[in-house]
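The values are calculated or read from the model by the stated rules, or taken from the named source; none is laboratory data. Only a predicted model underlies this, so the values are computations on that prediction, with no experimental measurement involved. We place every Cβ from the backbone using ideal geometry, glycine too, and count neighbours over all the protein chains shown. These accessible areas exclude ligands, DNA and RNA; they are computed on the full protein's heavy atoms, side chains included. Shrake-Rupley method; radii C 1.70, N 1.55, O 1.52, S 1.80 Å.
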Amino acid sequence: MDLNNILTQLDTADEEETEALLRRFNRENIHTFTFEQKEEALRSKLCQQVLTVLGRQVQASCQKTCLETLRILSRDKRVLAPVATREGMLILGRMARLQTGEEDGDNQRSFQEQTQSEEEERVVVEALKCLCNVVYNSPAAQKVSVDVRLAHGLCVSLRTARTWRHEVGLFTLRLLFLLSALRPDVRGVLRREWHAVRLLTEVLEHTLDVRWVGPYEAARPDPQALPMPAEDNERAMEALKALFNLTLSEAGGEEDDHQFRLIVGLLRHLLMLKTETEEKTEEAHSHAVNLLNNLPVSCLDVLIDVPVQGGQESYGGKNMDAVQVLIDFMEKRIDKGSNFKEGLTPVLSLLTEGSRHHREIRRYIKAQVLPPLKDVKIRPEIGTTTRNKLVRLMTHVDMGVKQTAAEFLFVLCKESVDNLLKYTGYGNAAGLLVARGLLAGGRGETQYSEDEDSDTEEYKSAKPFINPITGHVEEPMPNPIEEMTEEQKEYEAQKLVNMFDKLSRQNVIRPMGVRPDGTLAPLEDTLRERSEYNSGSESD
């Protein structure tokens, strides 16, 4: 239908005619996501006309149709100027029953709790969808959202979460996520003044149907219970995403520590739940991992400190079920073989920090990932074990992936260079050792317990024959210079020196050496420093 025709008819149409015109437009454009640029001005004018109609006292069915039109138009970020105004955002806020502006909290809450007909609820849902599109696509609308205190209205709405229908809750949480993602300046206000972290925690607790049996311990899910319904899972994911944004900044204090521990308890419960599909379960675990990475590492003891549910004696009586879920999740992400940066590095970082600061977690993960070595005839990067897969990642082309995998294994080895080389070989570990200045050996800076790793008899007997570079016992190779005369050996040696000299002068390679402190430097510098170091030692 021609836009000029619609606009002309809307100028004189009554409520019924307006609704009929816009319904037709909606039917024709319901699947339209790319619009022609030549009609940009007309679509912007239609936005303004729709807002004008919404500003009047019209029936709920007409409001819903207008909002559907506006939702379709809001897919085009170039026509949102009429909506991205104080008046436009206030109209949408009112339609969404958020009561933005200067309304006090009690009035807003009572307005939220009013009984709604099915038609009125559809109006609220459509308004929330429009706000999500507009806030996402318009920086101007994001700024106006702050001016009209949209985030405050959303937090007031969170207090009535137990009465939400699914879509109202879903798009309320999604709008809060978008606003907190796109306006970093709002996050602090949401946390300090409007207690959004606590409110979202309560939403998550209600959505996951948590029953507490200890200070931070949720009752174990019933093994016979049905999987978490898809709708509950959707709302939980939106709440987790919003919490992720709000916990990005540093925080402190006893109140925050208590709140963060509650969140870890909820996330532990979530890790134990199953959803209707394996994909949804993995998505839930991914969001849980991302949020756990934001929380203080000291709070991670909540993951294993669940005495009511029992623990494993060999790990100080701690319950390792949640840690095992995280290990399984890590393996799934490795086996996918793609998107390591976003999919794998968060869980590797979480397990690294958990292992660094919690001895029981480190010991348990090491038993799963780096069991005592027995077969040392195969290179450490070859095979299907978790260790083999992680060692392969130590030479990945993506620097972030490579460093994260290497750091994880290094921490499992209690940051001992000798232990790391035992499991990976020098060649695979070289990148980490260069970055940490540990080429000369030694340990990292973290202090670990004194318990020693025990080697298997098979490893002890094979150790003298292990190639330290490759990390395995190699088959003896024939000596290529065995049958050469001394003259031939001298000729080949001189030829090799000349080749290196040429590559060096052309800056193709640069000979490097290891300083006394274990870091790399140009060869001439390291030779000079070692000479000075030795002469200084002799004079002492």
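A few points about this structure:
- Residue-count net charge about Val186 - beta-carbon cut-off 14 Å; Lys, Arg +1, Asp, Glu -1: +3
- For region 395-486, the relative contact order works out to 29 percent when only alpha carbon pairs closer than 8 Å and six or more residues apart are counted.
- Under the shape rule built on the C-alpha gyration tensor, where the axes satisfy a ≥ b ≥ c, the chain is prolate, since a/c reaches at least 1.5 and a/b is greater than b/c.
- Estimated 222 nm signal from helices in the chain, with DSSP H stretches of n ≥ 4 weighted -39500 (n - 2.57), rounded to 500: -19000 deg cm²/dmol
- Rg/Rh for region 437-518 stands at 1.13; both radii use Cα atoms, and Rh follows the Kirkwood definition.
- When each of Lys332/Lys377; Lys341/Lys460; Lys460/Lys495; Lys274/Lys389; Lys366/Lys402 is checked by Cα-Cα distance, pairs over 29 Å: Lys341/Lys460; Lys460/Lys495
- Eigen-decomposition of the gyration tensor built on the alpha-carbon atoms of region 359-402 gives equivalent ellipsoid semi-axes of 20, 17, 6 angstrom, largest listed first.
- If a spin label sat at a point 7 angstrom from the Cα of Leu182 along the line to its beta carbon, the backbone N atoms of region 61-83 nearer than 19 Å would be those of 67-83.
- Taking only the alpha carbons of region 142-261, we obtain Rg and Dmax values of 14.9, 49 Å in that order.
- Listed peptides 398-409, 459-470 by packing density, highest first (mean Cβ within 10 Å): 398-409, 459-470
- Full extension of the chain between Asn479 and His166 gives 105.3 nm of extra length, using 0.36 nm per residue less the Cα-Cα distance.
- Computed from the Cβ-Cβ distance with R0 of 45 Å, the FRET efficiency linking Met272 to Asp14 stands at 0.20.
- Segments 34-40, 414-420, 69-75 sorted - mean Cβ within 10 Å per residue, highest first: 69-75, 414-420, 34-40
- Cα gyration tensor shape of region 226-373, rounded if a/c is under 1.5, else prolate or oblate by comparing a/b with b/c: rounded
- Here r is the Cβ-Cβ distance between Arg24 and Ser249 and R0 is 56 Å; the resulting FRET efficiency, rounded to 0.05, is 0.70.
- Spin-label model distance (nm) - Asp328 vs Arg510, 7 Å beyond Cα toward Cβ: 4.9
- Of all accessible heavy-atom area on the chain, the percent that carbon and sulfur account for (1.4 Å): 49
- Computed over the chain, relative contact order equals 7 percent, with contacts defined as Cα pairs under 8 Å that lie 6+ residues apart.
- Net charge contributed by nearby residues that have their C-beta within less than 11 Å of Gly55 (K/R +1, D/E -1): +1
- Compactness of region 1-84 is given as radius of gyration and Dmax, 11.7, 33 Å, from Cα positions.
- Averaged per residue, region 26-78 has 54 square angstrom of accessible surface, using a 1.4 angstrom probe with ligands and nucleic acids left out.
- Sites Ser314 and Asn294, calculated FRET efficiency, Cβ-Cβ separation with R0 25 Å, nearest 0.05: 0.25
- Ignoring lysines fewer than eight residues from Lys143 along the same chain, the ones with Cα atoms less than 27 angstrom from its Cα are Lys45, Lys64, Lys77, Lys129, Lys241.
- Compactness of region 204-293 - radius of gyration and Dmax, Cα, Å: 13.1, 40
- Peptides 228-238, 269-279, 476-486 ranked from most to least packed, by the mean per-residue count of other Cβ atoms within 10 Å: 228-238, 269-279, 476-486.
- Computed from label points 7 Å out along Cα-Cβ, the spacing between Thr470 and Arg359 is 3.9 nm.
- With all protein chains in place and ligands, DNA and RNA left out, the 1.4 Å accessible area ranks Glu490, Glu532, Glu120 as Glu490, Glu532, Glu120, largest first.
- Dividing the C-alpha radius of gyration of region 363-489 by 2.2 N^0.38 Å, with N its residue count, gives 1.19.
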